[in-house]
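The values are calculated or read from the model by the stated rules, or taken from the named source; none is laboratory data. Computed from a predicted model, the values in this text were never measured in an experiment. Cβ: placed from backbone, ideal geometry, glycine included. Neighbour counts: every protein chain shown. Heavy atoms of the whole protein, side chains included, go into the accessibility calculation; ligands, DNA and RNA do not. Shrake-Rupley method; radii C 1.70, N 1.55, O 1.52, S 1.80 Å.
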Amino acid sequence: MARMNMIEAIRSTLAYQLQKDDDVLIFGEDVGYFGGVFRCTDGLQETYGLKRCFDTPISEGGIIGVAIGMAAAGLRPVVEIQFSDYIYPAYDQIASEAARLRYRSNGDFTAPLTIRTPVGGGIYGGETHSQSPEALFTHICGIKSVIPSNPYDAKGLLNTAIETNDPVMFFEPKRLYNGPFDGDPDKPAMSWDSSELGEVPDEEYRIPLGEARTIREGNAITILAYGTMVWVAEAAVRSHGIDAEIIDLRSLIPLDMKTISASVEKTGRCVVVHEATRTSGFGAELAALVQEHCFYSLEAPVQRVTGWDTPYPHALEWHYFPGQARVAAALEQVLEAA
Amino acid sequence: MTKDESDTNSDLYIPEPLHRPGDTPDFSHIHVRRNDNLEQPDVLVDSYETERHAGGLIRVMDMQGVASGPWLPQVTPDILRKGLRAMLLTRLMDDRMFAMQRQGKLSFYLKSRGEEAVSVAQTLAIRKTDMVFPTYRQQGVLIARDYPMKRMMCQCLSNAGDSSLGRQMPTMYSSREYGFFSISGNLGTQFIQSVGWAMASAYKRRDDLAMAYIGDGSTAEGDFHYALNFASTYRAPVVLNIVNNQWAISSFQGIAGGQSKTFASRGLGYGLASLRVDGNDFLAVYAVTRWAAERARRGGGATVIEHYTYRAEGHSSSDDPSKYRPNEEASAWPYGDPIERLKQHLIVIGEWDDARHNALVDDLSTYVRDTYKEAEALGSIAAGTGIDPKTMFEGVYEHMTPTLDEQARVSGVGTWRE
Ligand SMILES: Cc1ncc(C[n+]2csc(CCOP(=O)(O)OP(=O)(O)O)c2C)c(N)n1
Ligand SMILES: [Mg+2]
């Protein structure tokens with residue numbers, strides 16, 4: 001058992017995959033010699049060689065296009081898009097190609113690739129280093145979307161993602177790389193050392209995609225969250241002494257509807273929390289599913305706590321970010337509703 | 001303020017084609033020489049040594065079918081007859097399928113008339129183990145590789161014999177077995193994917209190449225530039241073909257920026273060997289492809305080839321080219337017809353004659369007609385496809401998901417649950 005932050009958990013998983021399977025290749029902007037701007041591939045080129053982990057032109061569409069060709073040829077590329085804010089030039093290759101290759105060729109060609117990319121704000125990254133575009137990918141059939149909230153899950157989910165024969169979006173909440181974050185920027189940064197989920201077993205394990213993690217059990221209300229917002233919600237619940245059940249979805253597609261339904265049927269109330277902009281966000285899907293599946297158990301309308309429908313502002317970052325106060329206010333409102 | 005009143009030379013330029021409906025096509029400015037004295041360089045030359053090849057036009061045959069010059073390929077008459085046969089078969093199948101589309105048996109069809117030499121000669125110049133990343137206009141590749149025509153027809157009919165279950169529009173074939181990558185309707189995407197395939201082949205230290213196609217119009221997509229850049233950076237063993245058939249639906253090639261510099265010359269800027277070839281000259285296409293394939297197999301990296309040709313018919317069954325170009329433009333095209341030219345060459349070298357040609361055409365026509373009948377017996381969009389609706393929900397992911405299973409159940413086609 002080792003104490004790891006999320007970067008180390010990801011890096012050790014990538015190392016394991018490189019060592020285990022010659023068909024795994026890692027590439028992206030600055031990922032080779034330098035080891036990635038967030039250091040997730042640090043040392044991999046040195047250990048596994050130039051051809052296993054290398055730099056690419058600054059060309060997101062090119063990176064994904066090349067990865068699809070490689071994957072179709074039998075390799076298992078794991079590519080990094082430096083910030084998810086830069087993924088849009090690759091959107092056509094992801095949405096029209098990777099996601100549909102299996103279907104349109106009836107399994108003749110497939111694209112087993114993993115796309116790692118940091119998401120989320122809280123690092124003063126402004127509008128171009130802070131976005132959470134997961135809903136643009138969950139809307140596309142044929143790809144899976146995964147988002148870990150801690151080092152333990154990052155390792156187990158990444159192993160599964162790489163070994164999956166479908167294309168997988170692997171979103172990494174960059175605010176959680178070095179420690180859990182409760183949404184309060186004025187507090188000193190926490191490290192994963194103090195968290196149980198920063199304990200990462202040495203042996204390899206896999207977490208199936210589509211199994212949520214119940215972060216905290218409770219009876220009064222269900223919170224559906226993922227990524228950074230898991231820890232913001234957790235802090236809000238703790239400080240307000242709310243008997244909430246917090247479900248960390250971990251994987252958005254496929255989605256663990258069983259766990260969600262069971263919880264909402266128990267509590268009768270539900271708040272959905274995400275950092276991404278509100279309109280047509282994944283929260284809309286969650287709210288719709290909850291009312292489809294659990295309408296007769298609901299005692300109050302489902303509420304969403306989200307980023308606002310604005311670009312992620314630089315100076316006003318903490319006005320945008322759906323922090324503890326906004327989460328707590330929504331919880332109280334839903335709890336008070338008759 | 002109009003230009004006349006102002007003292008500026010600034011004015012917005014919008015390129016226009018040479019001819020529009022009503023004009024008499026005139027290509028006399030195109031100087032049809034046998035070749036531009038473009039020598040055949042060593043396959044491992046530095047890319048800049050191909051500068052004249054990218055700006056000129058590599059030709060082997062003159063318009064009387066006489067072949068000569070530095071690019072004259074070593075190719076047996078048997079291979080040339082195989083090429084002629086495959087081109088004829090491609091054209092006959094195209095004609096048949098187009099007619100069937102007009103009868104409502106197919107939703108759509110797309111011909112490659114005038115461009116058959118490109119796909120057929122190239123296919124015969126590479127190995128069966130090389131992976132082709134085609135557009136919708138390279139049906140000749142499958143035919144040259146002896147893919148069962150009935151399966152192609154079943155794909156076009158979207159019937160029970162379609163190996164991809166009617167999921168794609170007609171002509172969007174896929175066959176890993178025959179080295180034919182699944183065609184995408186999104187233009188250009190295959191170009192950069194082919195580079196990834198080639199990189200994988202190199203990584204595995206295999207000898208196989210990738211060979212990709214893109215239309216003149218689609219070179220304006222980012223994928224074209226990604227492909228040239230990545231192919232150059234990683235010296236990928238790939239042949240990158242631009243089929244300049246002068247038109248992209250109704251837009252002439254100048255709209256894609258083809259007016260001031262040849263499409264081939266774009267490769268030079270990326271440090272790639274770049275050749276421009278008479279795409280209606282079977283022998284020249286064969287020769288440049290052999291050269292590019294050998295360069296790639298010997299570690300010289302990618303070659304860009306522009307095939308200078310002409311789309312002799314409408315873009316597709318949905319198009320009416322008389323709305324935007326003169327009907328006579330195709331026959332006025334100074335580089336002739338690829339089938340006629342190869343036939344003529346074979347006659348000139350004493351390996352063919354009109355009687356054999358006519359007999360072959362009759363033979364192939366019967367074959368196409370009979371094969372079509374067999375294919376149509378398996379269903380069509382018009383008569384019912386025989387495709388199980390349950391298959392619609394399969395293959396989105398490797399395994400059935402609860403969400404899709406539920407949607408299938410609600411739609412009434414069934415469930416995968418016990
Ligand atoms: C990304 C994309 N944009 C537009 C289209 C619509 N479209 C289909 S074919 C075509 C023209 C393509 O011309 P060109 O690349 O020259 O190929 P050609 O048809 O001449 O073989 C267009 C605009 C498309 N299929 N995909
Ligand atoms: Mg064209």
Looking at segment B:191-246, which of its residues are away from ligand 2 (no atom under 16 Å from the Cβ), closer than 16 Å to residue B:272 by Cα and aromatic (Phe, Trp, Tyr)? B:226, B:230, B:234
Tell me, yes or no, whether segment B:231-240 has at least one residue that is assigned to a strand (DSSP E or B) and farther than 20 Å from residue B:200 by Cα. no
So is residue B:346 farther than 30 Å from residue A:100 by Cβ and either assigned to a loop (DSSP other than H, G, I, E, B) or away from every other protein chain (no Cβ under 14 Å) (or both) or not? yes
Could you run through segment B:286-328 and say how many residues are within 18 Å of the chain's Cα centre (by Cα) and within 16 Å of ligand 1 (Cβ to nearest atom)? 14
For segment B:257-268, what are the residues that are farther than 17 Å from residue B:19 by Cα and out of contact with any strand residue (DSSP E or B) (no Cβ under 6 Å at 6 or more places or on another chain)? B:257, B:260, B:261, B:265, B:266
Among the numbered conditions (1) crowded, with 19+ Cβ neighbours inside 10 Å; (2) at pLDDT 95 or above, tell me where residue B:38 comes up short. (2)
Answer from A:153, A:186, A:166 - the residue that is over 14 Å from the mean Cα position of the chain (by Cα), open to solvent by less than 10 Å² (accessible area, probe 1.4 Å) and charged (D, E, K, R): A:166
Residues that are within 30 Å of residue A:108 (Cα to Cα) and in a loop (DSSP other than H, G, I, E, B), drawn from segment A:150-204: A:164, A:165, A:166, A:167
So which strands (runs of 3 or more DSSP E) are wholly in segment A:14-133 and hold at least 1 residues that are more than 14 Å from chain B (Cβ to nearest Cβ)? A:76-80, A:114-119
May I ask you to say which residue of B:193, B:259 is surrounded by fewer than 23 Cβ atoms within 10 Å (Cβ to Cβ) and within 16 Å of ligand 1 (Cβ to nearest atom)? B:259
Could you please give the count of residues in segment A:287-324 that are within 19 Å of residue A:247 (Cα to Cα) and surrounded by fewer than 13 Cβ atoms within 10 Å (Cβ to Cβ)? 4
Which listed residue, of A:61, A:35, A:74, is free of Cβ contacts under 8 Å to residues at least 12 places away in the same chain and in the same structural domain as residue A:116 (by TED's automatic domain parsing): A:35
Restricting to segment B:250-264, name every residue that is modelled with pLDDT of 95 or more and more than 13 Å from ligand 2 (Cβ to nearest atom). B:262, B:264
Meets criteria (more than 8 Å from chain A (Cβ to nearest Cβ), crowded, with 24+ Cβ neighbours inside 10 Å, in a helix (DSSP H, G or I) and modelled with pLDDT of 95 or more) for residue B:140: yes
Odd one out for residue B:331 among (1) small (Gly, Ala, Ser); (2) more than 16 Å from ligand 2 (Cβ to nearest atom); (3) within 17 Å of the chain's Cα centre (by Cα): (3)
Go through segment B:207-228 residue by residue and tally those that are within 13 Å of the chain's Cα centre (by Cα), away from ligand 1 (no atom under 14 Å from the Cβ) and assigned to a helix (DSSP H, G or I). 0
Out of the residues in segment B:332-366 that are of a type in the set (Ser, Thr, Tyr) and in contact (Cβ under 8 Å) with a residue 40 or more places away in the chain, state the one that is most open to solvent (accessible area, probe 1.4 Å). B:365
Show the residue pairs that are 6+ apart or on different chains and have beta-carbon atoms under 9 Å apart, the first residue being within segment B:230-254 and under 19 Å from residue B:215 (Cα atoms) and within 14 Å of chain A (Cβ to nearest Cβ), the second being within 12 Å of ligand 2 (Cβ to nearest atom) and of a type in the set (Val, Ile, Thr). B:240/B:214
Of all residues in segment B:373-408, how many are open to solvent by 60 Å² or more (accessible area, probe 1.4 Å), within 34 Å of the chain's Cα centre (by Cα) and charged (D, E, K, R)? 5
If residue B:226 passes every condition in (1) aromatic (Phe, Trp, Tyr); (2) in contact with a strand residue (DSSP E or B) (Cβ under 8 Å, 6 or more places away or on another chain); (3) closer than 27 Å to residue B:255 by Cβ but one, which one does it miss? (2)
With respect to the numbered conditions (1) more than 14 Å from every other protein chain (Cβ to nearest Cβ); (2) outside any loop (DSSP other than H, G, I, E, B), which one is the sole condition not fulfilled by residue B:195? (1)
For residue A:169, which of the numbered conditions (1) in contact (Cβ under 8 Å) with a residue 12 or more places away in the chain; (2) in contact with a Pro (Cβ under 7 Å, 6 or more places away or on another chain) fails to hold? (2)
State which residue is farthest from residue A:105 (Cα to Cα) when the search covers only segment B:134-162 and only residues that are away from ligand 1 (no atom under 16 Å from the Cβ) and among the polar types (S, T, N, Q). B:159
Counting only residues in segment B:207-224 that are open to solvent by 10 Å² or more (accessible area, probe 1.4 Å) and touching a residue at least 40 places away in the same chain (Cβ under 8 Å), the one farthest from the other protein chains (Cβ to nearest Cβ) is identified as B:215
